[in-house]
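The values are calculated or read from the model by the stated rules, or taken from the named source; none is laboratory data. Note that the coordinates shown come from a computational prediction; the quantities given were computed from them, not determined experimentally. Every residue, glycine as well, gets a Cβ built from its backbone with ideal geometry; the counts of neighbours run over all protein chains shown. Calculation scope for accessible area: heavy atoms of the full protein, side chains included, ligands and nucleic acids excluded. Shrake-Rupley method; radii C 1.70, N 1.55, O 1.52, S 1.80 Å.
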Amino acid sequence: MIKIFFKTYGCQANVADSNGFQTYLVDLGCKVVDSESEADLIIVNSCAIRERAELKLFSYVGSLNHYKKEKAYIRIGVIGCVASYRKQEIYERFDHVNFVFGARDNIETFKAYLADIVVSLESTKRLYLDTSRSIRPGQDRDIQGIVEKKHLKIRQKEEHKVEKNDNLEEVRRAFVNIVTGCNNYCSYCIVPFTRGRETSYSIDSIVRRIEREIQLGAKEINLVGQNVNSYIDPNTGASFADLLKVVARLEGDFWVRYISPHPKDMTRDVLEVMAEHKDKLCNYVHMPLQAGSDKILKAMNRIYTVDRYMEIIGWIKEFLPEATITTDIIVGFPGESEEDYLGTMNVVEKVKYDLVYSFIYSRRKYTKAFNMPDDTTIEVKQERLDGLQKRAKELSFERNYRFLGKVVRSLVEKRLPSGKLLARTAGNQRVIFDEKDQNIGKFVNLKIDKIGLVNLDGSLK
Ligand code: 5AD
Ligand code: SF4
């Protein structure tokens, strides 16, 4: 049996892509393993969004070189956003990489290629493993020694891994792409160049994927896209709100999140559907702000103003008063003044997000912002980021007090090394509780007893 390992960097669209390829390979008879040392096929899904993500990718791919030496038959591939625009460079830099498949390349061709790899791997692996058995004592001693050593090493790693795996059971989450690509061309963002034009999948195909995931035991369905709320069914013209309605009506014990919507495409009917289907649609909205200054939003080509953004936050609070609200913010965009930054801080203060994902602007090739003059020093940008993160953490801690003493429905995710169980609320807050019986993958009601900086402490109700 061919063992496959995926290393996935970046956003949930990448997670969804990896999930899709995994399911496809499992259908071909492969097994997913959670350590690269066990794998016959390693696929690295790359992210290009910030320079740091790319640096990490290159160093990781470089580090895989020794597996090729240990197991000559192993196949290593790089897919995703970096693979889209640095394909040649990856081939040139890494002799041990067998294939590079970009996020814009044809998926059907790639699937056919994967199917081929699986078949050829089966025979080369067998050949490689059989070599040791076919060697008679005294013959080719050196080769035999090397092969035996390799076997021992591989076997030891596998045995070790099996032991470790015993307690690592985790709830099944599904990531389903509903839209791929992006037409927005935010001036800082490389995604439209790496992933290409926006395309929605049909509701029928999405529903089939979800039903299959539910059959396989998934308890959390994440609907994923660079811009989910510009979704439009290519067959029927149904909107994102329509899609949510259909998904919410599917049978089963699961809940649904979506990420990421764009403020410019937000409509009230999406929130209306969420309010109607609270049992299935999580009380959670991720609404990327990026910046709290009209001047910077314009330079970013975000299409909305701060006032419009605040109006949308008002809608969320109107339809879903208890909702968890999270956001993405970039600091240090070219031309960001102290006043612009204070504008961002002002929005953070007003909205009181549950979680802020914040980043220093990273200059990306091909984007419009690449050539914008930028005279803010990296030290000032870092200070702005630190200031934002510190305040955001305080505010989110204060917000968590709304849960104190309340009973909250949560999904049990896994057992922690401490022996306690970790669950998540619909808003993705972490709740830790003590329980001997294995409850992983179940929905439970937890009373929140204590608020911590990272976790809430709860008890079974
Ligand atoms: N620099 C920093 N952050 C970026 N993001 C996207 N492009 C860049 C960039 N060039 C952030 C945005 C986006 C999130 C996924 O990543 O905040 O919402
Ligand atoms: Fe990038 Fe903007 Fe598209 Fe998001 S909406 S993927 S930030 S271009």
Between the Cα axis of helix 338-351 and the main Cα principal axis of the chain, the angle (0 to 90°, nearest 10) is 90
Using a probe radius of 1.4 Å on heavy atoms only, what accessible surface per residue do you get for region 4-48? Whole Å² is fine. 29
Divide, for region 254-362, the radius of gyration over alpha carbons by 2.2 N^0.38 Å, where N is the residue count. 1.09
Rounded to the nearest 500, what is the chain's calculated 222 nm mean residue ellipticity when only DSSP H runs of at least 4 contribute -39500 (n - 2.57) each, over all residues? -13000 deg cm²/dmol
If the viscosity is 0.692 mPa s and the temperature 37 °C, what translational diffusion coefficient in µm²/s does Stokes-Einstein give for the chain when Rh comes from Kirkwood over Cα pairs? 135
If the label point sits 7 Å along Cα→Cβ of GLU318, residues of region 234-273 with amide N under 13 Å come out as 267-272
Remind me, relative contact order of the chain in percent, using alpha carbon pairs under 8 angstrom and six or more residues apart? 11
Give the Kirkwood hydrodynamic radius (Å, one decimal) of region 161-282, defined as one over the mean of 1/r across all pairs of different Cα atoms. 15.5
Rounded to two decimals, the Rg over Rh value of region 26-110 from Cα coordinates and the Kirkwood Rh reads 0.96
Might you list the cysteines of the chain that have no disulfide-compatible partner by the rule of another cysteine's Cβ under 4.7 Å? CYS11, CYS30, CYS47, CYS81, CYS182, CYS282
Hey, with R₀ at 45 Å, roughly what FRET efficiency would LYS406 and VAL207 work out to, going by the Cβ-Cβ distance, to 0.05? 0.85
Quick one: pull the percentage of alpha-carbon pairs in region 358-438 with a separation above 21 Å. 57
Quick one: pull the percent of accessible area on region 258-388 belonging to carbon and sulfur, 1.4 Å probe, ligands and nucleic acids left out. 53
Proximal lysines to LYS245, defined as alpha-carbon separation beneath 19 angstrom and excluding residues fewer than eight positions away on the same chain: LYS219, LYS278, LYS280
Please give the helix 203-215 orientation as an angle from the longest Cα principal axis of the chain, in degrees from 0 to 90, rounded to the nearest 10. 60
If packing is taken as the mean number of other Cβ atoms within 10 Å per residue, what is the order of 16-26, 246-256, highest first? 16-26, 246-256
Send over a whole-number figure in Å² for the accessible area per residue of region 322-461, probe 1.4 Å. 51
Part-to-part distance (alpha-carbon centres) for region 50-84 and region 341-405, which is given in Å: 31
Chain lengthening between GLU435 and ALA275 when straightened (0.36 nm per residue, less Cα-Cα): 54.4 nm
Hey, rough spin-label estimate for MET310 and HIS66, points 7 angstrom out along Cα→Cβ, what's it come to in nanometres? 5.6
Using Cα positions and a limit of under 16 Å, work out the aspartates and glutamates in reach of LYS393, with same-chain residues fewer than 8 apart set aside. ASP328, GLU349, ASP354, GLU383
Treating cross-link reach as a plain straight distance, find the lysines whose alpha-carbon is under 23 Å from the alpha-carbon of LYS368, omitting any fewer than eight places away in the same chain. LYS87, LYS264, LYS295, LYS298, LYS381
For region 183-215, list residues with backbone N below 13 Å from a point placed 7 Å from the Cα of ASN235 toward its Cβ? 201-209
